[in-house]
Amino acid sequence: MSAALVVNSGSSSFKYQLIELDDERTLASGLVERIGESRGSWKHTNALTGETSSNDSAEVPDHAAGFQAMIDAFSKVGPSFDEHPPAVVGHRVVHGGTRFDQATVVTDEVEQQIDDLSSLAPLHNPANLEGIRAAKQVFSDVPHVAVFDTAFHQTMPPHAYTYAIPADLAERYQIRRYGMHGTSHKYVSEQAAVFLDRPLAELKTIVLHLGNGASAAAIDGGKSIETSMGLTPLEGLVMGTRSGDLDPAVLIHLHREAGLSFDELDTMLNKQSGLLGLTGSGDMRDVQDAATKGDETAEAALAVYRHRIRRYVGAYTAQLGGLDAVVFTAGVGENNALLRRRVLAGLEHLGIEIDPDRNELHSKEARRISTDASRVAVLVIPTDEELEIARQSAAVAL
């Protein structure tokens, strides 16, 4: 039996999963953190036995050492690579620009192109590339595949991805809407079709990926026609620490009147805004708990959060020319029943009716939370980006 090793690499950490290709079981998962710091750490879980091992004082000077720690963990805790050899290594890469509209086997040329696109994702692409290069040293005899967050949204029409700025500047600096979370949106929209037992090609679906990062996508017949994130992951919905949609003149005003530098504005929008900026906490659980206890600031922030989502649901229903399904996914979308109910409250005129009892049910399985009479199916479907990366990697490399 063979498996896919899925790697999600950051600048100082990487996550991994080993997934059996035949039955799509997760065989093992792990996390290596604090790479390059005085004390690194790793944690590894054998999903077949439940056994876990960790080290909070490991020497992990670079990604290559991190991958060696992972190999040692597999040897110590299992499962054995002899019984489940990786046939392919799939890598999450955040930004593929317009060059990559599907998963791609990594070559020297592809590595260079990923590096060239780093200006569009300076915090992510260089780290993704470090993980690829380190993994290739350890797994030199199997294909490596890059799966791009932006690829799924390359089906958007020009009128959806074009910004109304001077065309020569947009072309020169690759400024357009790219979108993110594409792997999740693709997986969830396809699982919605399976759940509803309907052909994907006939479904008009809005997927709401609500986590610390959040995005919406309008998906027509399995193809993305619009998404809320733009050139970067900053545009769109209110997020844990990111502002989402903002009048660009706000930045000009703050630069002129408050003296904030561009670096300070960048930090503010990405790390100090969203729920954190509105309430002091970027964790939806904390904000929801405070609102439940009567905190008016928290409730006001949640109203802003919900309002932004509702605006996108209405707009995307119009763009799709109808609606068959709304799907909630990711940490907040899958687990916050009160948020789901209040986001969709009063949308009966769009054919959306929530069943209160179904909505309150906690489950890790895909489920319907709309009434039987609801013209639009409302679903909660847990995302599985790692499985989607494994599928795409196997499809192009094996």
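The values are calculated or read from the model by the stated rules, or taken from the named source; none is laboratory data. All values derive from a computational prediction rather than experimental measurement. Note: ideal-geometry Cβ built from the backbone for every residue, glycine included; neighbour counts use all protein chains shown. Heads up: the accessible areas ignore ligands, DNA and RNA and are worked out on the full protein's heavy atoms, side chains in. Shrake-Rupley method; radii C 1.70, N 1.55, O 1.52, S 1.80 Å.
Around His153, under 12 Å between beta carbons, what's the net of Lys plus Arg minus Asp minus Glu among the other residues?
+1
Going by alpha carbons, how many degrees (0 to 90, nearest 10) lie between the helix axis of 125-138 and the longest principal axis of the chain?
With both axes taken from Cα atoms, the answer is about 30 degrees.
Where does the chain land at 222 nm, in deg cm²/dmol rounded to the nearest 500, when only DSSP H runs of n ≥ 4 count, each adding -39500 (n - 2.57), divided by all residues?
-11000 deg cm²/dmol, from helical runs alone.
Which loop trypsin sites (Lys or Arg not before Pro) in segment 36-139, with loop taken from DSSP, have no more than 15 other Cβ atoms within 10 angstrom of their Cβ?
Here the sparse-neighbourhood loop sites are Arg39.
Round to the nearest 10 and report in Å² the accessible area of Glu257, as given by a 1.4 Å probe over the protein chains' heavy atoms.
About 140 Å², ignoring ligands and nucleic acids.
Hey, in the GNM for the chain with a 10 angstrom Cα cutoff, which one of Ala249, Ala201, Ala69 fluctuates hardest?
Per the Cα network of the chain with a 10 Å cutoff, Ala249 tops the list.
If you roll a 1.4 Å probe over the heavy atoms of the protein chains, what accessible area per residue do you get for the chain, in Å²?
Here the residues of the chain average 45 Å² of exposed surface.
What's the angle, to the nearest 10 degrees (0 to 90), between helix 182-196's Cα axis and the longest principal axis of the chain?
With both axes taken from Cα atoms, the answer is about 70 degrees.
In whole Å, how far is the Cα centre of segment 321-385 from that of segment 4-47?
31 Å
Quick check: at a probe of 1.4 Å, how many percent of the accessible area of the chain sits on carbon and sulfur atoms?
The C+S portion of the solvent-accessible surface of the chain is 49 percent.
Only Cα pairs under 8 Å and at least 6 apart count here; give the relative contact order of the chain as a rounded whole percent.
14 percent
Please give the helix 63-77 orientation as an angle from the longest Cα principal axis of the chain, in degrees from 0 to 90, rounded to the nearest 10.
80 degrees
Put Thr183, Thr98 in order of accessible area, largest first, 1.4 Å probe: what do you get?
Thr98, Thr183
Which one, Ser57, Ser118, Ser184, has the greatest fluctuation when you compute a Gaussian network model over the chain with C-alpha springs under 10 angstrom?
Between Ser57, Ser118, Ser184, it is Ser57 that shows the largest mean-square fluctuation.
Would you kindly state how much longer the chain becomes between Ser11 and Arg39 on full extension, computed as 0.36 nm times their sequence separation minus their alpha carbon distance, in nm to one decimal?
8.5 nm
Nearest 20 debye, what's the magnitude of the dipole of the chain about its Cα centre given +1 on Lys and Arg Cβ and -1 on Asp and Glu Cβ?
The calculated dipole for the chain is roughly 820 debye.
Give me the extension gain from Ser281 to Asp22: residue separation times 0.36 nm, minus the current Cα-Cα distance, reported in nm with one decimal.
89.0 nm is the gain from fully extending Ser281 to Asp22.
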